[in-house]
Each structure stands twice: as structure tokens, then as C-alpha cells.
Amino acid sequence: MTSMYTTIEKKLKSAFAPEFLDVIDESHMHGGGTLHETHYKVVIATKKFEGMRLLQRHRAINEVLSEELRSTVHALALHTYTPDEWVKKSEIAPQSPNCRGGSKSDPLL
């Protein structure tokens, strides 16, 4: 069985041919450490984002990962750059905040 991390990485590499890609499993920061492979941060720099607005970039990634977002992935933080934007970036992507709950597996109130 392929891990969700590997699935996300393979799909993004295939769709965007990134110059830089970092997929970070942040599940340990959420749900008291009981959730596994549900919260991710993606930092990606690709020429395919040139001429795209931030919302368009996020939608493109969400489309590629639509199956994962419908099923297993609860949260996906995106930090999207063109190669030029990435080179000019002087710091790493911002830290993700702690989760406030609301997992897809939680019963409805």
C-alpha cells in the first residue's frame, strides 16, 4: 500500500514538474497525535505557475489531488511559487497553525 505522502508527491511531480517540491506530513501536530497522513503542507516552485494568480495555483493543485481531498486528506496548506519567486524568497514557508479540530471522521453535532 502506497503512503499518502508518496501519492501526493508523485501526483504533484507528474502534473507540475517542479523545480522544488517539499511535501510535509503535519498530521502529528493535529488531533493529539492520533491522526495519520491527514494533514499536509506543500511547498512547490514550478514554471507552470507563471502567469497564474494564487487562487489559480491552489485550484490546480486541488484538482490534481481531488481524490485525496475527498477521502483521506483533511487539511492541505499550500505555498506555491514560480521559480523566480522561489529564488527571491528569503525564508522558508510559514509554520502551519495547530489544528482546531473538525476532522471528517468527527460525528456531526
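The values are calculated or read from the model by the stated rules, or taken from the named source; none is laboratory data. All of these numbers come straight from a predicted model, not from anything done at the bench. Don't worry about glycine lacking a Cβ; one is built from the backbone with ideal geometry, like all the others, and counts go over all protein chains shown.
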Practice item. Evaluate the following for Val73: is it outside any loop (DSSP other than H, G, I, E, B) and either in contact with an Asp or Glu (Cβ under 7 Å, 6 or more places away or on another chain) or modelled with pLDDT under 95 (or both)? Key: no
Practice item. Restricting attention to the stretch 1-23, report how many residues are exposed (fewer than 14 other Cβ atoms within 10 Å of the Cβ), touching a residue at least 12 places away in the same chain (Cβ under 8 Å) and closer than 22 Å to His36 by Cα. Key: 1
